[in-house]
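Beneath this line is the structure, given in structure tokens, with notes to follow.
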Amino acid sequence: MNKRFVTISLVLVAAAQLLTVSAVTRSVARRDADRQEQLVASADGVEIYGNNGVITIKSNHKTTVRVFTILGQLVSTTSIQPGTTRIKVASRGIYIVKVDNITQKIAL
């Protein structure tokens, strides 16, 4: 077998493995980012989180939560009790969440 052919074959195999590792790394990083629940807003005893299609609101008092699309369409109005409330939205996107005097953008 020709040395040149073997060398080119090994280079191609190494390049294919590198691309596979790179794709797996990106996939794992994206999945880990989706798992992380990050605090977006916290004020007046209210915390708002967004993660995997769910908006989580922690409040120490009874209040009303309104969720809007980025275009201003009302998606949900919910009266919540003190504690943790989760609101599932139909699709991923950017939402505006209004709780008391807090207005926060959430990207899901």
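The numbers here are math on the coordinates, done by the rules we state, and not lab data. As the structure is a computational prediction, the values presented were derived from the model and not from experiment. Virtual Cβ from ideal backbone geometry, glycine too; neighbours counted across all protein chains shown.
Details
- Any chance T84 is under 15 Å from V46 (Cα atoms) and in contact with an Asp or Glu (Cβ under 6 Å, 6 or more places away or on another chain): no
- Filter pass, I94 being of a type outside the set (D, E), within 15 Å of the chain's Cα centre (by Cα) and surrounded by 11 or more Cβ atoms within 10 Å (Cβ to Cβ): yes
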